[in-house]
Every structure is written in structure tokens, then in C-alpha cells.
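The values are calculated or read from the model by the stated rules, or taken from the named source; none is laboratory data. Nothing here was measured: the structure is a model prediction, and the numbers come from that model. Backbone-built Cβ (ideal geometry, glycine too); neighbour counts: all protein chains shown. Surface accessibility is based on the protein's heavy atoms, side chains included, excluding ligands, DNA and RNA. Shrake-Rupley method; radii C 1.70, N 1.55, O 1.52, S 1.80 Å.
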Amino acid sequence: MGRCSLFCLLCILCLLGFESRGVSGLACNWGLQSTHPLPPDIVVRLMKDNGFNKVKLFEADPAALKALGKSGIEVMVGIPNDMLASLAGSPANAEAWVQQNVSTFISKFGTDIRFVAIGNEPFLHSYKDMFTQTTFPALQNIQAALVKAGLGKKVKVTIPLNADVYQTDSGLPSGGDFRPDIRDLMLKIIKFLQDNGGFLTVNIYPFLSLQADPNFPKEFAFFNNVANPVVDGPITYTNVYDANFDTLISALEKNGFGQIPVIVGEVGWPTDCDPNANIDNARRFNQGLLDRIAKGQGTPKRRTPTDIYIFSLIDEDNKSIEPGNFERHWGIFNYDGSVKYPLNMGNGKTIVQAKGVKYLSRQWCVLSPSAGVLDPNALSQSISYACQYADCTSASPGSSCGNLDPQRNASYAFNMYYQTMNQRKDACSFNNLSVVTTVDPSQPPCRYEIMIDIGKHDLSASGCAKTAGTRSRLLISLLMVLVLVINGAR
């Protein structure tokens, strides 16, 4: 009896250990600014297959929140900046938002919402104080609404901040302090978060440090590098991520908040549309980041590792390009969930692509070989029209498709429009300059896309979001068997 009981217990413990390893450690941002988004159930399956157990949404998208129900994935749901004024001015609006976007999905769909993110980088210099009067009141009203809904202990609040809210006059992390123009506001917010069990969220972008400063030492942007270290008293910094994070920690310590939890809400590297945005650099940076996460490595001033949300999961072809064309290429996956580059995701697992994706027909719209002598003005107008409604960022100078000859460049623009318009027959006309072909015109590294068929996808993927609950039921059944075996042995 003793040996049987011990054996069965070991089996259960092994299964429990396997389950915990399957959901350990990784967090990501899931952006939804796409003309042809992957079905939410497929995205949830993609996250689970690659070991992500936390996700941040920038908005309370009903389909995404529903798909995340009973998935075993913890959710941070965001409130866009343009909603802050409404929530700041009316507690009733905040209560309605919490009821519609938090309470309902927790109770009805079993969505594991743990955090509400108030705005997104609302104190950016470039916003020129647009949200400085509304962010804190919105935070207070949402917190009060969560408490009123009985969710104050389960769901915490935060504000994702850009790293420009702090600075260092000495050029060293130890000199960190908050930006003078928002220092008083920041201290009020941090105290409120601390008093209510919340945490601070900061977005750190080594790529942007490199992209913004031609004199920035490139190697210092990566984790495994040969850069000259920065010595700050007894601490030596070997990369800008650690230095940036610890500048914030110094600012917190200097103002009496050295113990407040801090998470990294966004960090990553794009793959296109900038001289430093390419596959090799993105793989190098993100693999270094994943290795740190797997090791449980913190920073010199915060040795305990924090949650780090990788930016981003999937490319977004409809995202604003005001900061730069690279904004549409942050994903570790392409728009369709295909793998951009190999990554070791930890626990010996390699990155895997999305399953169940359905595509439009295997055909492309290209410049017609019989177009004859081209009128430069007519061709230019057609390309401009196509790129007004489709994502042509990869054909910009210095990008993956930036070295195409004029004919192939036109084909690229025509095809992106054709695919974005779901391969409509009238979407490949362009004044008789174009034709549909079944011969793939792609030439690496330039890929001529075929879009997702958003009306025809593998619905069976929806069942994969429920596997966490299935495993739990399996473990309960095994425990019941164990009890029967032990009682029978008696």
C-alpha cells in the first residue's frame, strides 16, 4: 500500500510540475491595429503554444477578452488615452466601464483580468500636457469603481509610462529623478498606487535610444555585447536596459518610494523600416531578453526579476507610423502568426507558428508585363493611391523591400492594395497597368504577402484556449483515482 501510494503521489506531482512549467514566465503585448487580424482564438492558442501566461491589451476588445476566458492567461486590459477625460470627469462612467469590460468578462467568460492600465504613456513630451489633467482622476475613479464592484483585491491599477518621465542630470542611473514639469504629479500617482496595492509600469526601448541618437553606442543596446561598460559608483552597467530601469529605481528611492513594485510594460525590437530594424538585430535583442527572463535575472538595483511584457506579439499593418515606419514591425511573429526568426522560448522550447490560419487564394497583383512604355506620372499616382489604403512601409528606403526596381516596386504596392482589399476583382485594375498572377513574385528578403481570409478560419482553434481547464479537470480525476486506489489497497 505504501509503495503504491508513494508512486501515485509522485505521478500527480510530476503532472502538476509539468503544468506549471507550461505556463511559466512569459508576458507579451497583443496589439489589434491590423486590417486582417488573426482570429482571437488562434492568437490565444499561439500564446499558449509559446509559453506566454500574461498578456497586455491596449483596449478592452470584446472578442479578445472572450477568447482569453478560461485560458490560464492573466490579462492586463488597457484604457486608451482618448477615454481618460470621460472617466476622469464622471465616477459613473468609470463604474460603467468596469462593469462592461472587467466584471462581465470575469463572471461570464472566466477571463482572468488582473490589471487595468490607465492610458498609455500619457505624459509623453510630444503630447504637450494633453493628458496631465485627466490621467490621475481617471486612475482614482477606476480604482473606486473596482472596489465598488468587489474587485479591489483581485484587479489592480497601473499607468504605463514612457521612460521620458524620469531623467538623470549626471548621465548616470544614480542621478535619476522625475521630470521637473510632472514631478509633483508623479509623486501623487505613485503614492496612490502604493496605497492601493498597485504598481508602476514603465516602457523601455533600447532600440529607440539607438534610433534617436546617431552617437549612441550600438553594442550598449544589446544584452550580450562588447560595449564599454558604464561605471556608476559600485555598480557597473553593461547595457542600456539595466541602466534605464535603474534610473527609475533611483528616482523612486530618492522620493521615498523605493519599495513600490515596477514592471516593464513594453520592451522589444522591430524588424523593418530603419537601418537598425532588421531580423538579425531583433533576434539578438529578443533572445537576450528571453534568456534573462529564463534565468530570473533582475537589474543591479532590483535583483528580484519583474514581469516583462515583450513588445510585441504580432505585426500590426494598420498602426500609426507617426513615430516611424518601423511601428508596424515590432512583432516576434508576422501578421499571420508565422515565425520571423528562430527563438529559444525557454525550457528547451523553440518558437512555433500559429495553427489553423486560413489565407486568401494563392495569387498576387503585379505590374502587367504588357504595360508597355510607362507614363511616370500615371504610375506614380497609382502607387500613391495603393499605398494610401495599404501598408507599403516595407518598400520604403532602407527597408526589406526598399531596393526594388521601379517595376517591382509598383508590383509590391499594387499587391498590398489587392490583398488589403481581400483580392477583389476591381482591386487589381490600376488603369490597365496590373494583372493577377499565380507566380509568387517574392524575392528574399522582400515578401509579397497573401492576406488572411478573415471570413474562413479554423474554428477548432477555439477549443485550445480551454486546455488549462481541461488539464485541471484531468488532475482532479487522477486525484480521485488515487483515492480509490489507496482505499482499495486497504
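Which of the trypsin sites (Lys or Arg not before Pro) found in segment 351-418 are loop residues per DSSP with 14 or fewer other Cβ atoms within 10 Å of their Cβ?
Within segment 351-418, the qualifying trypsin sites (Lys or Arg not before Pro) (loop, at most 14 other Cβ atoms within 10 Å) are 355, 358, 362.
Near residue 425, which lysines are there with a Cα under 26 Å away, not counting those fewer than 8 places off in the same chain?
358, 456
Put +1 on the Cβ of every Lys and Arg and -1 on every Asp and Glu Cβ in segment 357-450; which of 406, 420, 445 then has its Cα farthest towards the positive end of the dipole?
The residue sitting most towards the positive pole is 420.
Per the Kirkwood formula on distinct C-alpha pairs, the Rh of the chain is how many angstrom?
Kirkwood radius, the chain: 24.8 Å.
Within segment 87-192, list the trypsin sites (Lys or Arg not before Pro) lying in a DSSP loop whose Cβ has at most 11 other Cβ atoms in a 10 Å radius.
Hits after loop and neighbour filter: 128, 153.
In the calculated pair distance distribution of segment 33-122, what percentage of Cα-Cα distances lie above 21 Å?
33 percent
If you stretched the chain out fully between residue 226 and residue 341, how much longer would it get, using 0.36 nm times the residue separation minus the C-alpha to C-alpha distance?
Gain on stretching residue 226 to residue 341: 39.1 nm.
Pull out the extension gain between residue 453 and residue 104, defined as 0.36 nm times the separation in residues minus the alpha carbon to alpha carbon distance; nm, one decimal.
Gain in length upon complete extension: 122.6 nm.
So what's the gap between the Cα centers of segment 387-401 and segment 64-117, to the nearest angstrom?
35 Å
Using the Karplus equation 6.51 cos²θ - 1.76 cosθ + 1.60 (θ = phi - 60°), what ³J(HN,Hα) coupling, rounded to whole Hz, does each residue of segment 40-56 give in order, writing x for Gly and Pro?
Values, residue by residue: x, 4, 5, 5, 4, 5, 4, 4, 5, 5, 10, x, 7, 10, 9, 9, 10 Hz.
Averaged per residue, what accessible area in Å² does segment 225-291 show with a 1.4 Å probe, protein chains only?
For segment 225-291, the per-residue accessible area is 36 Å².
Between residue 179 and residue 443, what FRET efficiency comes out of the Förster formula 1/(1 + (r/R0)^6) with R0 = 51 Å and r the beta carbon distance, rounded to 0.05?
0.60
What is the total of Lys pairs in segment 108-170 with C-alpha atoms under 24 Å apart, excluding same-chain pairs fewer than 8 positions apart?
For segment 108-170, qualifying lysine pairs total 5.
Given only helices, namely DSSP H runs of n ≥ 4 each adding -39500 (n - 2.57), what is the per-residue ellipticity at 222 nm of the chain, to the nearest 500 deg cm²/dmol?
So the calculated ellipticity at 222 nm is -11000 deg cm²/dmol.
For a quick check: with amide H placed at 1.01 Å from N, whose amide H comes under 5 Å from residue 74's, ignoring anything fewer than 5 positions away on the same chain?
Correct list: 54, 55.
Contour minus end-to-end for residue 405 and residue 389, with contour as 0.36 nm per residue of separation and end-to-end as the Cα-Cα distance?
Stretched fully, the residue 405-residue 389 segment lengthens by 3.6 nm.
Quick one: with all protein chains in place, what share of the accessible area of the chain is carbon or sulfur, to the nearest percent (1.4 Å probe)?
54 percent
Which value, in debye to the nearest 20, gives the size of the charge dipole of segment 282-357 about its Cα centre, when Lys and Arg are +1 and Asp and Glu are -1 at the Cβ?
Dipole about the Cα centre, nearest 20: 560 debye.
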